[in-house]
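Worksheet: one structure, shown below.
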Amino acid sequence: MTAAGVQHEREQQALSGGARGAAVSWTGGKDCNLALLTAWRDPGLRVSALVVFRPASAVFRAHPLHIMQRQADALALPLLHVEITGEPTYKASYVAGMRQLKEVPRERVYGMPL
């Protein structure tokens, strides 16, 4: 239900038989929402999680994490956290985080395969 008390139906994913698992990078803003909608409507993708790449510290230049979690809860998708250390570089840290996501055993990702 929305704040106004109006209930909205969740659009079902358009899945084909050979749909590949996908996780959408999530910051809580309009651009990642559009990316999610595009992936959600792609029959070749099965969106199974949202991913936030974040620093270990509290300094974070995106929407607050508790808001992102509420968005993920409303979408019935897990929000996976990948810490970015910046070591040795931020790019290397992001690449390591993406590799880490690929290596997560499927049964350990909240029961939803990637």
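Scanning the stretch 61-93 for residues that are loosely packed, with under 15 Cβ neighbours inside 10 Å, closer than 21 Å to Q13 by Cβ and aliphatic (A, V, I, L, M) gives A74, A76. Of the residues making up the stretch 57-96, those that are farther than 21 Å from G29 by Cβ and touching a residue at least 24 places away in the same chain (Cβ under 8 Å) are T85, G86. Every residue in the stretch 22-68 that is farther than 20 Å from Y94 by Cα, among the charged types (D, E, K, R) and touching a Leu at 6+ places or on another chain (Cβ under 8 Å), please. The one that is farther than 20 Å from Y94 by Cα, among the charged types (D, E, K, R) and touching a Leu at 6+ places or on another chain (Cβ under 8 Å): R46.
Rundown of residues vs (1) in contact with a Phe, Trp or Tyr (Cβ under 8 Å, 6 or more places away or on another chain); (2) under 18 Å from E83 (Cβ atoms); (3) hydroxyl-bearing (S, T, Y), yes/no style:
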{"residue": "L34", "(1), (2), (3)": "no, no, no"}
{"residue": "R41", "(1), (2), (3)": "no, no, no"}
{"residue": "V47", "(1), (2), (3)": "yes, no, no"}
{"residue": "V52", "(1), (2), (3)": "yes, yes, no"}
{"residue": "P55", "(1), (2), (3)": "no, yes, no"}
{"residue": "H63", "(1), (2), (3)": "no, yes, no"}
{"residue": "I67", "(1), (2), (3)": "no, no, no"}
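FYI, it's all coordinate maths here, none of it is from the lab. Note that this is a predicted model, so its numbers are computed, not measured. Heads up, the Cβs are rebuilt from the backbone with ideal geometry, glycines too, and the neighbour counts pull from every protein chain shown.
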